[in-house]
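Q: Encoded as structure tokens, here's the structure I'll be asking about.
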Amino acid sequence: MFVTLSAAVTADGFMDDRTPRRLLVSTPEDMAEVYRLRAGHDAILAGAETLRRDNPALLLRDPEARRRRTELGLRPDLAKITLTSSGNLDPSMRFFTEGDADIYVFSSRSLPHLKGVAEVIPADTPLSARAIVTELEKRGIRRLFVEGGARVLRMFLAEGMADTLRLAVNPALRLGEEGRAHFAFASSSDIPCKHERFGGMEVTQWQLKPDTAETDLHYLRMAVAESRKCTPCATSYCVGAIIVACDGAVFRGYTHETSPTHHAEQEAIAKALAAGADLRGAAIYSSMEPCSQRASEPESCTQLILRHGFAHVAFALYEPDRFACCRGALTLREAGVDVRFRPELADEVRAANAHL
Ligand SMILES: NC(=O)c1ccc[n+]([C@@H]2O[C@H](COP(=O)([O-])OP(=O)(O)OC[C@H]3O[C@@H](n4cnc5c(N)ncnc54)[C@H](OP(=O)(O)O)[C@@H]3O)[C@@H](O)[C@H]2O)c1
Ligand SMILES: [Zn+2]
């Protein structure tokens, strides 16, 4: 998933003041730009405190963008997402009542008062950005726009789950003691960024992660080609895996290639080790999400990937809940691995598994 963080702050870094009325930190021109950026995403997320304080509807304002989505068979508004541990969310809030969107609430509580207005996604405690991204990917969301508030933005940044951050500073507004929801980004010279003055705001956009889409798809196509070498069998998926070591060496593997209990990732890792490759920091591309539990082998592919120190994992299809409830992607993310889901090739992976 591609995750954009967006915030407007005062010159002293506050997203709001302490009064009950809604403070507009942005200028109208900057707000219009934020609405335009929203339209390039398919979901928008805001924390429960933002909903309680500002009561935003979080709609897609551009009629052209709404029309385009409808033509694609999508609901006109972006999917709306919030998260709460208290459960203190009133179903009469505009977030729930306005527009035509899929609405998701992440919470460890069951929230019966939101039945019929939102899908409540059960969450472990503490709820993480990594879990949110993983669950939303499984629901088809590919580009997420996170509009605050400060706590939610800090969570995505701290977990390394943001691709880009747009911070708009209003140089004419200072709140001092009156400020609340402080948000600052500790930039460093190695993070690419661009600055511009826009509608009276000073806007900086940081590219927090490199764009790996093209490389991921290139190697995933090779992984899918490997998966087609498998002999279909009723008890396992046909999966292919490609490893790219830090020195550029490439290793391949597919399910059951050398043993009836081996998975594709295992086969590729065995070849890399036999060739003396150092896999710390390497990338592995698997046509399907790496498994997280094995009955017939001592380690799952997720454990193998972690033990050998891979830094980057990409896959094209989440493992269906057919043989096990897979937590591979989430476990890898929780360990700090950069995990990329590339559903562009999902249909090809499904076709390679048509026997199941
Ligand atoms: N200037 C801007 O661009 C902008 C944009 C958006 C918001 N804002 C301002 O930002 C302020 C709100 O920011 P904020 O930092 O106070 O709050 P927030 O980030 O909007 O929401 C925090 C709330 O989200 C839930 N939450 C966050 N992390 C969670 C986790 N890991 N697990 C479970 N629940 C979690 C909790 O809800 P519960 O308390 O229900 O458990 C928490 O209190 C508002 O005043 C709003 O006006 C400004
Ligand atoms: Zn496996």
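The values are calculated or read from the model by the stated rules, or taken from the named source; none is laboratory data. Values in this document were obtained by computation on a predicted structure and should not be read as measured data. Neighbour counts run over all protein chains shown; Cβ positions are idealised from the backbone, glycine included. These accessible areas exclude ligands, DNA and RNA; they are computed on the full protein's heavy atoms, side chains included. Shrake-Rupley method; radii C 1.70, N 1.55, O 1.52, S 1.80 Å.
Q: How much accessible area does residue 222 have with a 1.4 Å probe, in Å² rounded to the nearest 10?
A: Surface accessible to solvent at residue 222 totals approximately 40 Å².
Q: Put 258, 331 in order of accessible area, largest first, 1.4 Å probe: what do you get? Could the numbers behind the result be given before it?
A: Values: 258 100, 331 45 Å².
From most exposed to least exposed: 258, 331.
Q: What FRET efficiency do you get for residue 109 and residue 158 if R0 is 25 Å and r is their Cβ-Cβ distance, rounded to the nearest 0.05?
A: Here the calculated transfer efficiency is 0.60.
Q: By how many nm would the segment from residue 125 to residue 186 lengthen if fully extended, with 0.36 nm per residue of separation less the alpha-carbon distance? List each step's numbers first, then the result.
A: Working: separation 61, 0.36 × 61 = 21.96 nm, distance 2.72 nm.
Going from the current span to full extension adds 19.2 nm.
Q: So with the 1.4 Å probe, I'd like the accessible area per residue for the range 179-307, rounded to whole Å². Mind showing how you got there, number by number?
A: Working: 6390 Å² over 129 residues.
That works out to 50 Å² for each residue.
Q: How high is the relative contact order of the range 213-352, in percent, with contacts defined as C-alpha pairs under 8 Å that are six or more residues apart?
A: That works out to 22 percent.
Q: When the dipole is taken about the Cα centre of the range 2-207, and only Lys, Arg (+1) and Asp, Glu (-1) are charged at their Cβ, what size is it in debye, to the nearest 20?
A: Computed charge dipole of the range 2-207: roughly 360 debye.
Q: For the pair residue 90 and residue 323, what calculated FRET efficiency results from E = 1/(1 + (r/R0)^6), where r is the Cβ-Cβ distance and R0 = 51 Å, to the nearest 0.05?
A: 0.75
Q: What's the long-distance tail for the range 73-140, i.e. % of Cα pairs beyond 13 Å?
A: 63
Q: How big is the gap, in Å, between the Cα center of the range 1-18 and the Cα center of the range 182-251?
A: What the calculation gives is 26 Å, centre to centre.
Q: Got a sec? What order do 22, 174 fall in by accessible area at 1.4 Å, biggest, i.e. largest, first?
A: Details: 22 115, 174 170 Å².
Of 22, 174, the descending order of accessible area is 174, 22.
Q: Extending each Cα 7 Å along its Cβ direction at residue 258 and residue 197, get the distance between those two points in nm, one decimal.
A: In this crude label model, residue 258 to residue 197 measures out at 6.4 nm.
Q: Sequence gap at least 6, Cα distance under 8 Å: using those rules, report the relative contact order of the chain to the nearest whole percent.
A: Worked out over the chain, it gives 16 percent.
Q: Based on Cβ point charges of +1 for Lys and Arg and -1 for Asp and Glu, what charge dipole magnitude is obtained for the chain about its Cα centre, in debye rounded to the nearest 20?
A: Dipole magnitude for the chain comes out near 480 debye.
Q: Which of 333, 154, 53 moves most in a GNM of the chain, Cα contacts under 10 Å?
A: Highest fluctuation of the listed residues: 53.
Q: Moving to a separate point now. Note the count of lysine pairs whose C-alpha atoms are less than 20 angstrom apart in the chain, limited to pairs 8 or more residues apart or on different chains.
A: Close lysine pairs under the 20 Å cut-off: 4.
Q: Could you tell me which residue out of 117, 353, 15 lies farthest along the dipole of the chain toward its positive end? Charges go on the beta carbon: Lys and Arg +1, Asp and Glu -1, centred on the Cα centre.
A: Of the listed residues, the answer is 117.
Q: Heavy atoms only, probe 1.4 Å: what % of the accessible area of the chain goes to carbon and sulfur, would you let me know?
A: On the way: 8470 of 16510 Å².
On the chain, the fraction of accessible area on carbon and sulfur atoms equals 51 percent.
Q: Seen from all sides and averaged, what is the projected area of the convex hull of the Cα atoms in the range 213-352, in nm²? Walk me through the numbers before you get to the answer.
A: On the way: hull surface 29.6 nm².
Mean shadow area of the hull around the Cα atoms is 7.4 nm².
Q: Now for a separate question. Measuring from centroid to centroid over Cα atoms, what is the spacing of the range 39-89 and the range 304-356 in Å?
A: Value for the Cα centre distance between the two parts: 28 Å.
Q: Still on this structure: Could you work out how far apart the two model spin labels at residue 214 and residue 24 are, taking each label as a point 7 Å from the Cα in the direction of the beta carbon, and quote it in nm?
A: It works out to 4.1 nm between the two label points.
Q: For the ranges 184-193, 230-239, what's the packing order if you count other beta-carbon atoms within 10 Å of each residue, average per peptide, and put the highest first?
A: Per-residue Cβ counts within 10 Å, averaged per peptide and sorted highest first, yield 230-239, 184-193.
Q: Say we join alpha carbon atoms closer than 10 Å with springs in a Gaussian network model of the chain; which of 77, 16, 321 then has the biggest fluctuation?
A: With Cα springs under 10 Å in the chain, the top fluctuation among 77, 16, 321 is at 321.
Q: So, one more: What is the Rg over Rh value, at two decimals, for the range 2-207, using alpha-carbon atoms and the Kirkwood definition of Rh?
A: So for the range 2-207, dividing Rg by the Kirkwood Rh gives 0.95.
Q: Further question: What does the charge add up to near residue 260, with Lys and Arg as +1, Asp and Glu as -1, over the other residues with Cβ less than 14 Å from its Cβ?
A: -2
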